[in-house]
Each structure stands twice: as structure tokens, then as C-alpha cells.
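A quick write-up on the structure given underneath.
The values are calculated or read from the model by the stated rules, or taken from the named source; none is laboratory data. Everything numeric in this text was worked out from a predicted model, so none of it was measured. All Cβ positions, glycine included, derive from the backbone under ideal geometry; neighbour counts span all protein chains shown.
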């Protein structure tokens, strides 16, 4: 077993997970300013023997930056093993490199360490629910996306009044939406439900408890988290069926290494549309409960 | 480290903070009032000869005084609906919790207060022919309140500080508004300094005001 | 599939145990720091040179006039500004310890002040130095008076550790909430947490009562 994890303390993990519920869409501006001036490492010359690809191959192990506290992306299962969608992506890269998905060293870090750890070369690639933004793309280079995140509303399955998004919308200011305390949360909710009342809580647990206790009528969360909860507790919750605020999750690599970037991209693209589609399909089913349709044979549909 | 203070964002939302402060005060005063009733009833219960009743009151006081308030708040707000008790909203559940919490501390206060009313006043009341309930209502109770007045004011200040926990169940009191401003503007220092000063000033104003009332009423020579 | 309380308790045992350790650890650290700082603070409040005395008074009165939760949030978001990577755990302990020290200082001051002046005068009369007066006359008497209020403060601090769950420290309360988020046994697991805090705090207060009886409160 080559899995090795560099652990932060429990408390730190807990806080990072809580600060990053919507890791996707915010914080970009803050991080963007923090590590500027490092992208000048971009070199014009491309020498494939000096690429990260060669380094990783000769090292024999892939170093992946990720987290450990956010299901279904990166978290520890009952046996303490790191699992999730991000972890599957990392294993896919390792499998493609060494024909062994276990040859990985996971570096567990908070979301704010994603860019710095790449810049300082502590990791080869980031698989940590990273949202593509123009600001971040000035500091690191993104692969093709492997998931489109957005927010949605979770309701109790046995709620007789509000089952679908339209019911919630019609209720106007008669409903309360619970969400985790966050900078833009009121705006986000009002983009979907302009009149709804908003109750903000400290943690996802408190918010979910409020939904269960009937204190709020709907729970605003990431679509992936909503689907994860529905999978975990079949029959208890329902998705109101509307999602908004799209953003794309991708991996990131250190800038200035087109060979490595292109190689990871190739692996991802062929997992999304080509030879490794089955593993991707299995991961989507497992973590999101989504059945992805097999790509049509014939003309590559992504170019249609 | 240099930090550039910019209080303009605070001034723009100062009214929101003041409303939050007022809400906290209101919650504290209501809870103190209900808690006083609980404390008085339980204080009298302690003076009866009924052992079961005394044990019950003792159990209530010991239990509540040893429980964290935040846990009690969560229990009432999130827990009770699970067993079908869901007819009160977040404000009501907070006031209920804080009143029960205050009641435990005030039971001790009133128990001590009732005990320390000098016997000669009760005897004097008897002597002028007051019935037992009249003695309690016109003699013992007013004296007790004068005796416990300092404790009551301390309790009000504590309760006012405790209302900061209401932020955990989405009640927009002062701490909640400070967190909002902190999150929305990143003016970390300004938001928390202002909130701290508002709490501090209010606590001392309450203390000074109540000291005046104490001076006026609490003197028993 | 029927969920049972014991089954769920077994499933959650490690995370609850971790929470238990965290709560005990933070309580212990905060109370020990509070006692030591409180003793020094109390002495400074009584015997310090005037500017020091005033500064201490300011510290004690300011910290006691602000809700603990506000101190915790202030410390959590404020320390982050320093740029150092300070965990929620550290920020929380700093806030609680600061608060505890303020209360303990006031307790110590009250205890020292309450010893009749006659005691000091008598000690002076038989020629004891300040140090001797403090160690042999004041401290033993002050210690007895400190026990009840100090135990009260200790209980308040144990209760106060739950506020750290709001900034994400995995204490008993947060571990309980996470457990409830998984199994929805709301009443059962909140009751479990209540039992834990009751046993811990009740033991603490009984210990206080025991020491109070054991060492007697000298009345004048």
C-alpha cells in the first residue's frame, strides 16, 4: 500500500471543511491576490524530458493535493480510507501512469492551500473540488472540467406543501430557506427564490437539522451535496428539481508545463468520452447517483 | 502588520447593529421576567415540607446549571420538533430556553432571598392581623425583591450577554449582525470591535442604571 | 433496517470519543491557564503599581463585559488577519483562556481583599516580610475563599467550550451534531451529550463542595 497521507489536525480539517462548503464559487478573489507573481515561471521552451510527466514516471508515485472532509468529493469512509469523486480522478491518473491506481501519495490540505502547494511544487496535481475561475487561471493551469457544480434546494420528501421548485417559488415570502452562513448566500437564494426568507446557520449539520426539524422549508446546498444526502438517506429527502449558479470543477497543475497538462487532459477527456468512460460512469453513479449516457459512437459528439 | 481601519461600512449598517442590540436586550428582559416567575415559584417550593417537590426543584436547578446553554438551545430548537413539539418559532424557542436557564439561577437567588427576610417582619405582620397570603404579598415579597435586586441586575447582564448565542439559530441579534458584516465586507476588526464596544457599553449602562435603582430601593437597615 | 440507539452509538463512538477528548483537553488547558494567570492578575490588582493596577482593571472589566461567543469569534477572525495559520482550536483556546483569566483575577482579588486588614497588621507587627506575610498569612486564607467561585468559573468554562463548536472545533457538541446529521436520533444523542456535561460538571461542583467542607470556611 503506497497510500500515504500527510494529515492536518482534526480541528483544522473541521474548519476548512466548514469554510469551504461552497468552495466553488467564492474566495476566488481573495486567493487570486495572494500568490501573484509566480506565473512568470512559464517557459517558452518545451523540453519533454524535463516535464513533470517524466519526473512522476521516474519517481514511481503521484503526489495529489486533496482534502478529507467533504463528501462526496474527498472524505474518509467507515474504514478510514480516502474516497470520493476527486479521489477517483486521482486514481485514474495513477492508473494511467503506472497501471496501478494505488501508487499515490495524498497530501491532505485545506482549500486555501490548493494554489500555494502547486506553486511550491509540493504536489503534482490538485484534485480538490477546484472551481475554474479566470483569476485562478492566471496562477495555475486548469485541466478540462470533470463536473459542473451548482446550487439547488433540498426539501423533505414527506413535505406535503413544497415538493417542487415551483411550489417554493409560488409560496413567495411564506417560506424560509436554510443555508450555511456565507457572504453571498442571500443573493444566491434570491436569484432563485426572490422573496424567500433566509435563515443562516453555522454548519451544514445545523442547517440540515433545521430542515429535519421543520424549522426551514428548504435547504440550499451544492447539487453534489444534495444528491449525496439523497443517496445516503433514500426516501427521506427530495430535490426540488432546479439548479442555478453553475461553476465547473477541474484539476489544476503548475503553470508552464504543457506536456504534463496535455497528458492529464488526455486522460480526463478519454475518461469523459473515450476508453475510460466506464470508470467515469461508475464514479458518477457512485458519488452522485447520476446515470450518464454512453457517448454516441460515430462522430465525436463534443465537437458537434 | 498594518491594518487600515475603515469604519464607513460599519456606519452604513450601524442601524442594523443597533436593532440587533435592541433585540438582544428585549430577549434578555423577557427571559428575566419569565425566569423570575420560575425562580420565585421554585424558591417557595423549596420552603415547603413536600420532599418530592423539593427534590424535583433541586433536580431542575442542578441539571440546568450544569448544562451548556448552547446545547439546551439546540435541544429545544432542533430536538423538540422530533417528538412533535413544534408550535413555537425560533424566537419563542430561544426565549423558552433562556427563561428555563435563568430560572435555575434565579431559584437559588430567591431561595436565599426568601430565607433572609428577617423573622421579625413576618411576626410583625401577624401581629397586625395580616393573613398568611397577605403577609407574603405585602411584606415578604417586597422585602425579598429588595434583597435580591443586586442579583437580579447581575442576572440581567449575564442574560443579555447570553443572547449572543441566539446567532446559532439564525436570530438576527447583535452578534449575528456582526458576523454578517464580517462576512460581507471582510472588515473583521471594525465589525468585532464595534460589536464588543456595543456590548460593553450596554452592560455598563445597565449596571449603572440598576445601581441607581438599587440605591433607591435596596436599603434595609 | 431498524436503527437502534446502541447500534448508532457504537458507530459514532470514535468521533464522540474524539469530541470528549477535545472538550476535556480544552477545559483543562483553559482552567489551568486561568488559575495561574488569575493568581498573578489578582495580585497585580491588589499590590501592583498604580498604572499596572489600572491596566489590569481595564482588562478584567472589558473581558467580563463582552459575551464569550463574541470574544471567540473576534479571536477566530481577528487572529487570522495576522496572517499566521492559526487553527480554530488555538483561536478558541486563546479567547476562553483570556476570559477565564479575567474572571479568576477578579476572584483572587476578591479573596485577597476580603481578608481583614487586622491579619496583615498583625503579621507586620510580628515582623514578617511581604513575602512571608503573603505565603503564610494571606495565601492560606485566600485559597479557601477562592475554591467556591473558582469551581463556579471552572464549570462555566466547561460549558463555554461548547461555543467553540460554532467555529468548527470538534468538541462533544459538534461531534453530537454530526452524529445526529447522520442518524436523526435527535433526542437520543442530545440527551447523551447532556448526560456527559452533567456528569462532568456535577462532579466538578461536588468536588468544590467537598474541598469547601474539608478546608472549612473561616468566618469572622
| What's the number of the condition residue A:199 fails, among (1) assigned to a strand (DSSP E or B); (2) over 26 Å from the mean Cα position of the chain (by Cα)? | (2)
| Is it the case that residue B:25 is within 14 Å of chain C (Cβ to nearest Cβ), part of a helix (DSSP H, G or I) and under 22 Å from the mean Cα position of the chain (by Cα)? | yes
| query | Quick check: is even one residue across segment C:54-62 more than 20 Å from residue C:204 (Cβ to Cβ), modelled with pLDDT of 95 or more, assigned to a loop (DSSP other than H, G, I, E, B) and more than 14 Å from the chain's Cα centre (by Cα)? | reply | no
| message | Condition first: in contact with a strand residue (DSSP E or B) (Cβ under 9 Å, 6 or more places away or on another chain), within 26 Å of residue C:68 (Cα to Cα) and assigned to a helix (DSSP H, G or I). Can you find one or more residues in segment B:61-81 that meet it? | response | no
| request: Test residue C:77 against the criterion of being within 14 Å of chain A (Cβ to nearest Cβ), crowded, with 19+ Cβ neighbours inside 10 Å, in contact (Cβ under 8 Å) with a residue 60 or more places away in the chain and under 30 Å from residue B:203 (Cβ atoms), and give yes or no. | output: no
| What are the residues in segment A:87-134 that are out of contact with any helix residue (DSSP H, G or I) (no Cβ under 7 Å at 6 or more places or on another chain), in a helix (DSSP H, G or I) and modelled with pLDDT under 90, if any? | A:113, A:114, A:116, A:117, A:119
| Based on what the data block shows, is residue C:7 within 14 Å of chain A (Cβ to nearest Cβ), closer than 30 Å to residue C:187 by Cα, modelled with pLDDT of 90 or more and assigned to a helix (DSSP H, G or I)? | no
| request: Would you point out which residue out of B:168, B:183, B:195 is within 13 Å of chain A (Cβ to nearest Cβ), surrounded by 21 or more Cβ atoms within 10 Å (Cβ to Cβ) and at negative phi? | output: B:168
| query | Which one of the conditions (1) closer than 30 Å to residue C:3 by Cα; (2) within 13 Å of chain B (Cβ to nearest Cβ); (3) modelled with pLDDT of 85 or more does residue C:170 fail to meet, given that it meets all the rest? | reply | (2)
| task | Would you mind finding the one in C:161, C:203, C:153 that is at negative phi, within 18 Å of the chain's Cα centre (by Cα) and without any contact (Cβ under 8 Å) to a residue 24 or more places away in the chain? | result | C:203
| query | So which of C:203, C:153, C:192 is more than 9 Å from every other protein chain (Cβ to nearest Cβ) and out of contact with any helix residue (DSSP H, G or I) (no Cβ under 8 Å at 6 or more places or on another chain)? | reply | C:203
| query | Hey, any hits in segment C:17-40 for a residue that's within 13 Å of chain A (Cβ to nearest Cβ), surrounded by 15 or more Cβ atoms within 10 Å (Cβ to Cβ) and part of a loop (DSSP other than H, G, I, E, B)? | reply | no
| request: Among the residues of segment A:201-217, write down those that are crowded, with 22+ Cβ neighbours inside 10 Å and within 9 Å of chain B (Cβ to nearest Cβ). | output: A:201, A:206, A:209, A:210, A:215, A:216
| query | Would a scan of segment C:141-149 turn up a residue that is surrounded by 22 or more Cβ atoms within 10 Å (Cβ to Cβ), more than 14 Å from chain A (Cβ to nearest Cβ), at pLDDT 90 or above and within 23 Å of residue C:33 (Cβ to Cβ)? | reply | no
| Take the residues of segment A:176-196 that are assigned to a loop (DSSP other than H, G, I, E, B), facing another protein chain (nearest Cβ under 9 Å) and in contact with a helix residue (DSSP H, G or I) (Cβ under 8 Å, 6 or more places away or on another chain): which is surrounded by the most Cβ atoms within 10 Å (Cβ to Cβ)? | A:181
| request: Please work out which one of (1) part of a helix (DSSP H, G or I); (2) under 20 Å from the mean Cα position of the chain (by Cα); (3) modelled with pLDDT under 95 is the condition residue B:159 fails and give its number. | output: (3)
| Just one of B:110, B:87 is crowded, with 19+ Cβ neighbours inside 10 Å and more than 14 Å from chain C (Cβ to nearest Cβ); which is it? | B:110
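To keep it simple, each residue is scored yes or no on (1) free of Cβ contacts under 8 Å to residues at least 40 places away in the same chain; (2) farther than 30 Å from residue B:168 by Cβ.
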{"residue": "A:65", "(1), (2)": "no, yes"}
{"residue": "A:97", "(1), (2)": "no, yes"}
{"residue": "A:105", "(1), (2)": "no, yes"}
{"residue": "A:148", "(1), (2)": "no, yes"}
{"residue": "A:160", "(1), (2)": "yes, no"}
{"residue": "A:166", "(1), (2)": "yes, yes"}
{"residue": "A:174", "(1), (2)": "yes, no"}
| Is at least one residue of segment C:208-218 on the phi > 0 side of the Ramachandran plot, more than 13 Å from chain B (Cβ to nearest Cβ) and either touching a helix residue (DSSP H, G or I) at 6+ places or on another chain (Cβ under 7 Å) or modelled with pLDDT under 95 (or both)? | yes
| field | Filter pass, residue B:153 being in contact (Cβ under 8 Å) with a residue 24 or more places away in the chain and either within 21 Å of residue A:187 (Cα to Cα) or within 14 Å of chain A (Cβ to nearest Cβ) (or both) | value | no
| remark: Given the conditions (1) within 14 Å of chain A (Cβ to nearest Cβ); (2) in a helix (DSSP H, G or I); (3) surrounded by fewer than 24 Cβ atoms within 10 Å (Cβ to Cβ); (4) within 22 Å of the chain's Cα centre (by Cα), every one holds for residue C:91 apart from (3)
| message | So for segment C:167-177 (the condition being out of contact with any strand residue (DSSP E or B) (no Cβ under 9 Å at 6 or more places or on another chain), surrounded by 22 or more Cβ atoms within 10 Å (Cβ to Cβ), within 30 Å of residue C:15 (Cβ to Cβ) and free of Cβ contacts under 8 Å to residues at least 60 places away in the same chain), does at least one residue qualify? | response | yes
| field | Test for residue C:101: is it free of Cβ contacts under 8 Å to residues at least 60 places away in the same chain, part of a helix (DSSP H, G or I) and under 30 Å from residue C:40 (Cα atoms) | value | no
